[in-house]
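Reading through the structure tokens given below for one structure.
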Amino acid sequence: MTDHGYLLGINEPWVYPFIAEVPLWLAQYVSFGDYMTGWFLVTVNLNMLTFAYLLGWGRKMERANAAWFLIGCIFLCGPVALGRLEVFSLILTVLGAIAIWNKKDAMSMQLFNLATWIKVAPVAAIFTGFIITKSKFKFILNLLLGTVAILAIGLLLGGDKDMFSFVGMQSGRGVQVESTVAIFWLAQILMGIPGAKIYYDNDILTFQVSGFGVTEVANIMTLVQLGALAITIWLGFRAKRAGVDRNTLFAWIFLTATLDLLVFNKVGSPQYELWVVGAAFVGALFLTANWKPVIWLTILSSGLSWLIFPICYGQLLDGKPLGVGLLMARNLTVVAILVWSNIQLTKLGKKKLSTQ
């Protein structure tokens, strides 16, 4: 709640949907006078409960490898793995994946829908669920009911047009320094090309890159992102038509769509690595074939994320080779995962179709 009695994302503009404020309320409620203590009490305990549920309270030890993968990535990501809102969308993503595993599709989509109202990445699971479901009408009805319930809560809390303020507040951004597309200007910074630099935007309150063509690229990235998602959705329907089993289909489409949202995004932050971790976890849980490269590349990108932030973040912002080089390496690793997932999703359709 703000000082003058308004609620962020309800009747006060906010960069996130109002559901993202719930974790902030929880942290404040258990803060014992120190907000950060409350935050870590909430995040650590929710993670512990999630891992316990993943393992079936000790009765599902066949999921242990997936649990260890998740624990390892959270550790390797460093402070951002527990200090940002993404931790809550990751928890809901894990719960949604378990629901898919248990063939509780309606429950899984409500969990992914709720996660999307915290951070946008789990919307990839909603696209994926629509592709794999047998009844499109029931899927849409279920999704609408969940969305209406969320909006009704906001309205009961006094919501107005500011409930959708998060949509417009992202549009004015330039190319953020951590984004994958920023690699073109980061390379120019390393080569000492005039005009390429990192600066702090006082309106958006974030670090961005400037240089030749950056404004034009920022303006088209949303269209590029939508185009990449359209290709993934087409490949997904193609693989489904070819008879790929639902769990394999879900894992590869979800991973590819998630990375479309990340790689072709003009916005980027160190905590976005948790988007990759959540999508990679699904294939680890489902024991999806050809998933080992995804696991190892995700572990590598997670470790690089901690080195970037907070360890070498100052060197990145100063344009020093170590900081810039680490970020470029991390982003190229994520691009490699996207390339691999596209190859596998394409092969699934080709292989199955060729046997018919």
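The values are calculated or read from the model by the stated rules, or taken from the named source; none is laboratory data. All figures in this text were calculated on a predicted structure; none of them were measured in a lab. Note that we place each Cβ from the backbone using ideal geometry, even for glycine, and neighbour counts take in every protein chain shown.
The residues listed here are LEU255, LEU274, LEU326, LEU285; of these, the one that is more than 22 Å from ALA121 (Cβ to Cβ), within 22 Å of the chain's Cα centre (by Cα) and crowded, with 19+ Cβ neighbours inside 10 Å is LEU326.
Residues being closer than 24 Å to ALA242 by Cβ and among the polar types (S, T, N, Q) are represented in region 101-114 by at least one member. Within region 27-40, the set of residues being surrounded by fewer than 17 Cβ atoms within 10 Å (Cβ to Cβ), free of Cβ contacts under 8 Å to residues at least 24 places away in the same chain and either in a helix (DSSP H, G or I) or small (Gly, Ala, Ser) (or both) comprises GLN28, TYR29, SER31, GLY33, TYR35, MET36, THR37. Among the residues of region 189-212, those identified as within 20 Å of LEU332 (Cβ to Cβ) and without any contact (Cβ under 8 Å) to a residue 24 or more places away in the chain are MET191, ILE193, ALA196. Would region 318-326 turn up any residue that is among the basic types (Lys, Arg) and not in a helix (DSSP H, G or I)? Within region 318-326, one or more residues are among the basic types (Lys, Arg) and not in a helix (DSSP H, G or I). Taking region 18-52, which residues are touching a helix residue (DSSP H, G or I) at 6+ places or on another chain (Cβ under 7 Å), aliphatic (A, V, I, L, M) and more than 14 Å from LEU82 (Cα to Cα)? Once the filter is applied, which keeps residues that are touching a helix residue (DSSP H, G or I) at 6+ places or on another chain (Cβ under 7 Å), aliphatic (A, V, I, L, M) and more than 14 Å from LEU82 (Cα to Cα), region 18-52 yields ILE19, LEU26, VAL30.
The requirement of being in contact with a Leu (Cβ under 9 Å, 6 or more places away or on another chain) and either within 20 Å of GLN271 (Cα to Cα) or at pLDDT 90 or above (or both) is satisfied by ALA20. Annotation note: of PRO321, PRO293, PRO310, the sole residue that is within 26 Å of VAL123 (Cα to Cα), over 18 Å from the mean Cα position of the chain (by Cα) and surrounded by fewer than 19 Cβ atoms within 10 Å (Cβ to Cβ) is PRO293.
Hey, does region 58-67 have a residue that's under 20 Å from LEU259 (Cβ atoms), touching a residue at least 40 places away in the same chain (Cβ under 8 Å), surrounded by 14 or more Cβ atoms within 10 Å (Cβ to Cβ) and under 14 Å from the mean Cα position of the chain (by Cα)? No. Annotation note: Cβ proximity below 6 Å between a residue of region 11-26 that is within 12 Å of TRP117 (Cβ to Cβ) and in contact (Cβ under 8 Å) with a residue 40 or more places away in the chain and a residue that is of a type in the set (Lys, Arg) and crowded, with 19+ Cβ neighbours inside 10 Å (sequence gap 6+ or interchain) occurs for no pair.
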